[in-house]
Ligand SMILES: [Zn+2]
């Protein structure tokens, strides 16, 4: 008989956390995935900062969605928010004059 070693959850890698972050913030993940990400965020400053940023972004986007019904205006506002946040939009989407 072998001693039963409880299987420790393998620590999530940053890229796994990042790839699930939107779903995590959207509360669409399985409870155990949420726990795993919570644990990773508690230990990983980089992912925690990113999660905080995306959380604010989600809140901002939700606010925009409530304000606009016009998808074109909404898209412009979203791009403006992303630019303010220091992210570059898809350059190919905008042709410079
Ligand atoms: Zn990380």
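Across region 14-86, the mean sequence separation of Cα contacts (distance under 8 Å, 6 or more residues apart), normalised by length, yields a relative contact order of 24 percent. Taking other C-beta atoms within 10 angstrom as a stand-in for reagent exposure, 21, 61 fall in the order 61, 21, fewest first. Once the gyration tensor of the Cα atoms in region 13-80 is diagonalised, the equivalent ellipsoid follows with semi-axes of 27, 12, 9 Å, ordered largest first. Taking label points 7 Å from Cα along the Cα-to-Cβ direction, residue 68 and residue 15 give a separation of 3.3 nm.
In this simple spin-label approximation, residue 49 and residue 23 carry label points 7 Å from Cα along the Cα→Cβ vector, and these lie 2.6 nm apart.
Every number here is computed from the coordinates shown, using simple stated rules; none is lab data. The structure presented is a predicted model; accordingly, all values stated were derived computationally and were not measured. Note: ideal-geometry Cβ built from the backbone for every residue, glycine included; neighbour counts use all protein chains shown.
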